[in-house]
Structures are given as C-alpha cells and as structure tokens.
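K.L.:
Have a look at the structure that comes next, please.
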Amino acid sequence: MSYKNYPMVSRVVYGRGSFNQLNDILSPKRKNVKAPFIFLVDDVFKGKSWLTSRIPLSYDDKLLYISAEEEPKTSQVDALVEQIILDYKETPSGIIGIGGGTLLDLAKAVALMLTNKGEAKDYQGWDLIKNPAIYHVGIPTISGTGAEVSRTTILTGPVRKLGINSDYTPFDQVILDPELTKDVPKDQWFYTGMDCFVHCIESLNGTYLNAFSQSYGEKALELCKEIFLEDTLTEKEAADKLMMASWHGGMSIAYSQVGVAHAMSYGLGYLLGVKHGVGNCIVFEHLEEYYPEGVAMYKAMRKKHDIKIPQGICADLSDKEFDIMIDVALSLEPLWENAIGKNWKKTITRDKLKALYLKM
Ligand code: NAD
Ligand code: ZN
C-alpha cells in the first residue's frame with residue numbers, strides 16, 4: 001500500500017478586508033515589467049467598483065471579465081491561453097482568478113496550460129500534467145465548492161466532463177475574504193453551499209473514509225448545520241463560517257472521494273448543462289437510499305430557506321440521452337467505489353441509474 005503525497009495550497013490569507021493586501025502579495029512575484037499579471041474576474045463584478053477598484057493593475061497587467069453563466073470548457077481555456085500568448089512576448093508573472101468555482105477552475109487551468117503543450121482536453125484525467133503551472137492565485141467570491149483548496153480543475157471537454165487532476169493544479173496563494181461574498185443571490189448561496197454539505201456527506205459515508213478526511217469533514221458538517229439549520233448566527237458570521245466550511249469540505253474530499261450525487265450530477269451537467277451546485281441538489285433530493293440522514297437534513301435545510309429546486313428535467317429525454325448521462329456517471333469509478341464499495345457494479349446498474357434519473 002502506498003499513500004498519496006498530497007500537495008496543498010502554499011499560502012493563504014484569511015479575514016474581512018484581506019483582499020486589500022493583494023498588491024503586497026503580488027508585487028514580489030512580478031518577474032519583470034513585461035511579464036503581466038492576468039486577472040480573470042467574474043463579469044458579475046463589471047461596474048462594481050467596490051471590488052474592481054481594488055484590483056491592482058500596473059504595467060501591462062490585464063483584467064479579463066468572464067461570464068460564469070456556463071461551466072468552464074476546455075476550448076475556452078485553450079482560447080484564453082492563445083490570446084495571452086499572442087498578446088505578450090513573455091510568460092505572465094501570474095494568473096489571478098476572482099469569482100466562484102467557475103473562475104477559480106479557469107484560473108488554475110490557464111496557469112497549467114501556459115506551461116504544458118497541446119490542448120486542455122489532453123490533460124483531463126489524473127496526473128497527466130508534465131510541467132509546473134505558472135504562479136496562480138485564487139480569490140473566492142462565493143463559498144462551497146472547495147475549488148480553492150482542491151488539486152483539480154473541472155472542465156467540460158469534447159468527450160468528457162472531467163478534471164485536470166495534478167500536483168501542479170492547487171493554487172500557490174489563496175485569499176479568503178468573506179466580505180467578497182456579500183452580494184451572492186440567495187438561491188445561488190444555497191446551491192453552492194449545498195455543494196459543501198454534499199461533499200461532507202459523501203466523504204463521511206464513503207468507504208474511503210480515514211481519520212484525515214473525517215477530521216475535516218466533521219468540522220465542515222458541523223459548520224453547515226449551524227449555518228443552514230440554526231438561527232444563532234448573524235449574516236456576517238454565517239458568511240465567515242461558510243467560507244471555512246468550504247475549505248474544510250474540500251480538504252475532506254482531498255484525501256477521500258465524493259460519491260453518488262456527484263457521479264450523477266456530472267451526467268446532468270454533461271448532457272443538459274446543469275450547473276454543479278444546483279445539479280447536486282436535484283440529485284440529492286432522491287438519494288435517501290444511499291444517504292438517509294444526509295438527505296433528511298438536506299430537505300430540512302431546503303425547506304427552512306424556502307429554496308425551489310428544478311423538477312422534471314429528465315422527463316422528455318430520449319433513450320439515447322439517458323445512455324449518455326449514464327455513461328458519464330458510470331465512468332466515474334472511484335466515486336462509486338467510494339460510495340458503495342468494491343462490488344459497486346453489482347447494484348449500480350444502468351436500469352438503476354435510469355430509474356433515479358427519471359425521478360429528477
Ligand atoms: P459559479 O462560479 O458557477 O458562480 C455561480 C453564480 O454566482 C454565477 O452567476 C456567478 O456570477 C455568481 N457569483 C459568484 N460570486 C458572486 C458574488 N460575490 N456576488 C454575486 N454573484 C456572484 O459558482 P460555484 O458554485 O462556486 O462554482 C461552480 C463551478 O465550480 C462548476 O464549474 C464546478 O464544476 C466547479 N467545481 C470545482 C471544484 C474543484 O475542486 N475544482 C469543486 C466543485 C465544483
Ligand atoms: Zn462538488
């Protein structure tokens with residue numbers, strides 16, 4: 001048995017207002033005046049000067065606004081990399097992603113693809129990246145995915161939705177400033193927050209569980225219960241805690257795996273473009289067979305916050321479309337093995353998955 005030797009985020013700063021330290025953090029990392037910092041910023045912040053005026057642009061630095069409407073694609077990463085190579089003679093000093101999981105994943109992928117030949121789709125999988133990425137910084141503006149700590153960047157490619165998992169993927173620096181999450185719409189707050197909750201449930205109920213994962217997963221779950229089920233926290237306290245729940249939830253799955261909800265949600269995402277957070281919610285509604293306590297808790301949270309979850313999204317699909325979703329879901333073998341055990345293929349049949357998808 002050999003144990004995985006995990007990379008972690010090298011540096012992290014936490015606190016309300018810590019975003020103001022961005023310039024101090026970046027300055028020593030500037031290679032020269034011709035090697036820019038490229039800021040990839042969620043376009044929801046266009047015209048929001050309370051945030052954008054604090055992005056320290058100098059020399060040839062560039063700010064690119066990017067929509068998080070759709071999840072990142074390998075072709076989008078390739079186009080960004082090509083644009084950066086065409087625009088600048090020198091390799092950038094760094095890539096800074098500011099936004100949710102979508103922008104964080106794009107920043108990681110662009111930083112990796114600036115130093116690795118070929119197309120992003122060639123690296124979807126495990127440990128295919130050869131060269132270290134350029135310096136990259138993640139600044140989350142919504143909490144839950146754990147993308148700020150993870151060693152993956154989830155991309156939709158021409159044939160699969162799969163991460164670029166590598167030791168070079170994690171950020172060199174993360175800035176955790178809960179103030180940046182203040183304008184997140186309520187539904188989105190819930191969907192992305194439930195991503196964290198589902199990470200905890202899937203990790204804590206998986207066969208891969210170990211004391212390392214459990215210690216992070218239990219803490220994140222405790223925070224989620226406080227945030228989503230109790231009335232004791234102020235809005236600011238809840239935002240502070242959700243940012244740390246996301247971090248711990250991400251750390252928990254780093255050394256274990258996610259499970260049934262994620263496998264099936266990837267299928268919905270690939271075929272129908274359903275986004276990760278809401279996709280997990282749509283699936284989780286129907287998983288009492290696998291996670292009875294977790295699903296009951298989830299439903300109590302959804303009711304308490306009066307959140308509507310889309311229904312009937314698989315009602316009109318063809319057999320061919322079901323097959324595509326089922327193929328995507330079944331291809332995620334480690335997730336099933338974690339959720340069910342080594343013999344998962346005995347119970348997780350195509351018919352079983354179709355019956356579940358039909359309920360959604
Ligand atoms: P997101 O980045 O897709 O953003 C969701 C919505 O919230 C968008 O409309 C965005 O504009 C808006 N938003 C973000 N911050 C805001 C703010 N401060 N104020 C107002 N609106 C704001 O959301 P997400 O749920 O964080 O990320 C989902 C993505 O993360 C998916 O692509 C998923 O595949 C990926 N993901 C990655 C990992 C990983 O480990 N790399 C893990 C889980 C999910
Ligand atoms: Zn997730």
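The values are calculated or read from the model by the stated rules, or taken from the named source; none is laboratory data. Being a predicted model, the structure only gives us computed values, none of them experimental. Backbone-built Cβ (ideal geometry, glycine too); neighbour counts: all protein chains shown.
K.L.:
Residue under question is V260, and the condition is that it be within 14 Å of ligand 2 (Cβ to nearest atom) and in contact (Cβ under 8 Å) with a residue 60 or more places away in the chain; does it hold?
P.N.:
Yes: the conditions hold for V260.
K.L.:
Using the structure shown, decide if G163 is near ligand 1 (Cβ under 9 Å from one of its atoms), under 30 Å from K73 (Cβ atoms), part of a helix (DSSP H, G or I) and small (G, A, S).
P.N.:
When the stated conditions are applied, G163 does not pass them.
K.L.:
Follow-up question, since we're still on this one. In the list V283, V295, V278, V258, which residue meets the criterion of being in a loop (DSSP other than H, G, I, E, B) and β-branched (V, I, T)?
P.N.:
When all the criteria are applied, what remains is V258.
K.L.:
Taking the conditions exactly as written (buried (at least 17 other Cβ atoms within 10 Å of the Cβ) and farther than 23 Å from V13 by Cβ), does G193 satisfy them or not?
P.N.:
So G193 does not fit the description; no.
K.L.:
Sticking with this structure for a sec: Say whether the condition of being of a type outside the set (A, V, I, L, M), within 16 Å of ligand 1 (Cβ to nearest atom) and under 19 Å from V44 (Cα atoms) is met by at least one residue in segment 122-134.
P.N.:
no
K.L.:
Across segment 263-275, which residue is nearest to the chain's Cα centre (by Cα) among those that are surrounded by fewer than 24 Cβ atoms within 10 Å (Cβ to Cβ), assigned to a helix (DSSP H, G or I) and more than 12 Å from ligand 2 (Cβ to nearest atom)?
P.N.:
So the first thing to find is which residues in segment 263-275 are surrounded by fewer than 24 Cβ atoms within 10 Å (Cβ to Cβ), and the list is 269-275.
From the residues that got through so far, the ones that are assigned to a helix (DSSP H, G or I) too are 269-272.
Imposing the further condition that a residue be more than 12 Å from ligand 2 (Cβ to nearest atom) reduces the set to 270-272.
Working: Y270: 15, L271: 19, L272: 18 Å.
Ranking the candidates gives Y270 first.
K.L.:
Please go through segment 269-291 and give me each residue that is out of contact with any Leu (no Cβ under 8 Å at 6 or more places or on another chain) and within 12 Å of ligand 1 (Cβ to nearest atom), ordered by number.
P.N.:
Passing the criteria: G269, Y270, G273, K275, H276, G277, V278, N280, C281.
K.L.:
From the list A296, A300, A315, exactly one residue is touching a helix residue (DSSP H, G or I) at 6+ places or on another chain (Cβ under 7 Å), among the hydrophobic types (A, V, I, L, M, F, W, C) and not assigned by TED's automatic domain parsing to the domain that holds G101. Which is it?
P.N.:
Just a single option satisfies the conditions, and that option is A300.
K.L.:
Please verify whether K303 is modelled with pLDDT of 95 or more, surrounded by fewer than 18 Cβ atoms within 10 Å (Cβ to Cβ), touching an Asp or Glu at 6+ places or on another chain (Cβ under 8 Å) and not aliphatic (A, V, I, L, M), treating the condition exactly as stated. Quick ask: steps written out before the conclusion?
P.N.:
Numbers: modelled with pLDDT of 95 or more: yes; surrounded by fewer than 18 Cβ atoms within 10 Å (Cβ to Cβ): yes; touching an Asp or Glu at 6+ places or on another chain (Cβ under 8 Å): no; not aliphatic (A, V, I, L, M): yes.
So K303 does not fit the description; no.
K.L.:
For L128, only one of the following conditions fails: (1) in contact (Cβ under 8 Å) with a residue 40 or more places away in the chain; (2) closer than 21 Å to I253 by Cα; (3) surrounded by fewer than 23 Cβ atoms within 10 Å (Cβ to Cβ). What is its number?
P.N.:
(1)
K.L.:
Right, here's the next one. Scan segment 4-42 residue by residue and report those that are outside any loop (DSSP other than H, G, I, E, B), within 20 Å of the chain's Cα centre (by Cα) and either among the aromatic types (F, W, Y) or more than 24 Å from D105 (Cβ to Cβ) (or both).
P.N.:
Once the filter is applied, which keeps residues that are outside any loop (DSSP other than H, G, I, E, B), within 20 Å of the chain's Cα centre (by Cα) and either among the aromatic types (F, W, Y) or more than 24 Å from D105 (Cβ to Cβ) (or both), segment 4-42 yields Y14, F39.
K.L.:
Continuing with this model, one more query. Only one of G163, G250 is in contact with a Gly (Cβ under 7 Å, 6 or more places away or on another chain) and within 14 Å of ligand 2 (Cβ to nearest atom); which? Spell out how you get there, then give the answer.
P.N.:
Values: G163 fails: in contact with a Gly (Cβ under 7 Å, 6 or more places away or on another chain).
Criteria check complete, one pass: G250.
K.L.:
Could you tell me which residue of segment 76-98 is nearest to ligand 2 (Cβ to nearest atom), considering only residues that are surrounded by fewer than 16 Cβ atoms within 10 Å (Cβ to Cβ) and free of Cβ contacts under 8 Å to residues at least 40 places away in the same chain?
P.N.:
Going through the qualifying residues, I end up with A79.
K.L.:
Are there any pairs, at least 6 apart or on different chains, whose C-beta atoms fall under 9 Å, with the first in segment 308-323 and of a type in the set (K, R) and the second part of a helix (DSSP H, G or I), and if so, which?
P.N.:
As it stands, the answer is K308/D187; K308/R302, since those pairs meet every condition given.
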